[in-house]
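A short write-up of the structure that comes next.
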C-alpha cells in the first residue's frame with residue numbers, strides 16, 4: 001500500500017495569489033528586528049545637545065497651556081538629536097529648525113488629527129501602514145493610482161496623519177519609516193502634482209527630519225522620471241540617497257544599477273505583500289482597517 005508523502009514543493013505565484021486574503025493589517029512589529037542605531041555622541045556633540053536642551057526649555061509653552069503636555073512629550077532627547085543630525089550639528093541651524101517645528105505643531109497639531117477628518121482621504125486605500133522591515137521600521141504604503149481626492153491641504157494633512165501613526169507604531173530603538181510608493185494603476189492624471197509633492201517634501205524635511213529610513217519607488221512609469229528630475233531640486237542630498245527604485249518585472253536590474261533594489265533585501269517576505277514579492281495576503285478594506293486603527297487608539 002502506497003504511503004502519502006508530504007509535498008515540500010513551494011507554492012507557485014498563482015497558488016499563492018489564490019490563498020485566503022486578510023483585511024487585517026500587521027501593525028505589531030516582529031520580535032526579530034535589528035534596529036539601526038545612531039553612533040554614540042562624542043564630548044563636543046554632548047555639549048551641543050545640552051545647549052539645545054537649554055534653548056528648547058526656554059521656548060516651550062507655559063505649563064498651563066492645553067497643548068503643553070503634548071509639546072513636552074515631543075521634545076525628547078532622541079528628537080533633539082535628530083534635529084542636530086539634520087543640521088550637521090550646527091547649533092544655530094538646529095535652534096531655528098526646532099523653533100520652526102514647535103510653532104508649526106502648535107498651530108497644525110499633527111498628533112491630534114482626528115480619524116473622522118481623514119475618512120474620505122482613505123476610502124480607497126491610497127495610503128496605509130502594513131508590516132515592518134528587517135530593521136523594525138513601520139512600512140507606509142503609498143498608491144497614487146488609488147487617488148480619490150483633489151490636490152489640496154487635505155492630502156498633505158493625510159500624509160502627516162500617517163506619519164504620526166507610523167511614529168506611534170515604532171518599536172524600541174526605531175526612529176525611521178520605510179515608504180513604498182506603488183505606481184501600479186497610476187496614470188499621469190492620478191499622479192501627485194508638483195505643488196503637492198513640493199509641499200510633502202517641505203513637511204517631511206522641515207518637521208520630520210531624520211525620520212525617513214528608506215523610500216522605494218515601485219514600477220515608476222515613464223512620466224515619473226521627468227517628475228522626479230523636477231522634484232529632485234527640492235530634495236536634500238541625504239534624503240535623495242534614501243530613495244531606491246524597484247522593478248518587479250525586471251528584478252535583475254539591481255545587478256548593474258546602484259539605486260535599484262529588490263524589496264526582500266530590506267523586508268522579510270511574511271511582512272511584505274504578495275503583490276511586491278512577499279507572502280502577506282493583506283488587502284486593504286477601509287471599514288476593517290479603520291476599525292483596527294480605532295481600537296488601537298494610536
Relative pair counts by distance (%), Cα atoms of the chain, 5 Å bins: 1, 4, 10, 14, 17, 17, 14, 10, 6, 3, 2, 1, 1, 0, 0, 0, 0
Shape call, segment 100-244: gyration tensor on alpha carbons, a/c limit 1.5: rounded
Contact order normalised by residue count of the chain, Cα under 8 Å, 6+ apart, percent: 21
Contour excess over end-to-end distance, with Cα ends at residue 53 and residue 258 and 0.36 nm allotted per residue: 69.9 nm
Rounded to 10°, Cα long-axis angle of helix 77-86 versus longest principal axis of the chain: 90
Extension gain, residue 164 back to residue 241 (0.36 nm per residue minus Cα-Cα distance, nm): 25.4 nm
Distance (nanometres) between label positions extended 7 Å along Cα→Cβ at residue 36 and residue 222: 3.4
Cα gyration tensor category, rounded, prolate or oblate, for segment 160-268 with a/c compared to 1.5: oblate
Relative contact order, percent, segment 115-204 [alpha-carbon distance under 8 Å, six or more residues apart]: 34
Debye log10 I(q)/I(0) for segment 43-111, one point scatterer per Cα, at q = 0.16 Å⁻¹: -0.52
Estimated 222 nm signal from helices in the chain, with DSSP H stretches of n ≥ 4 weighted -39500 (n - 2.57), rounded to 500: -11500 deg cm²/dmol
Estimated inter-spin distance, residue 96 and residue 77, nm [label 7 Å along Cα→Cβ]: 2.8
Gap separating the Cα centres of segment 221-273 and segment 117-196, nearest whole Å: 16
Label-to-label distance, nm, for residues given as residue 108 and residue 233 (7 Å Cα→Cβ offset): 2.3
Sequence-separation-based contact order of segment 43-111, relative, with Cα cut under 8 Å and 6+ spacing, percent: 34
Relative packing of 257-268, 209-220, which averages over residues the other C-beta atoms within 10 Å, highest first: 209-220, 257-268
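Given R₀ = 45 Å, FRET efficiency for residue 43-residue 269 by Cβ-Cβ distance, to 0.05?
0.55
May I ask you to derive the FRET efficiency for residue 88 and residue 20 from their Cβ-Cβ distance with R0 = 45 Å, giving the value to the nearest 0.05?
The formula returns an efficiency of 0.35 here.
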Förster radius 22 Å - calculated FRET efficiency between residue 184 and residue 148, Cβ distance, rounded to 0.05: 0.90
Sorted peptide list for 137-143, 166-172, criterion being average Cβ within 10 angstrom, highest first: 137-143, 166-172
Rounded if a/c under 1.5, otherwise prolate or oblate - segment 33-161, Cα gyration tensor axes: oblate
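Read the figures in this text as sums done on the coordinates, not as results from a lab. Note that the structure is a prediction, hence the values are computed from the model and not measured. With ideal geometry, Cβ positions are generated from the backbone for all residues, glycine too; neighbour counts draw on all protein chains shown.
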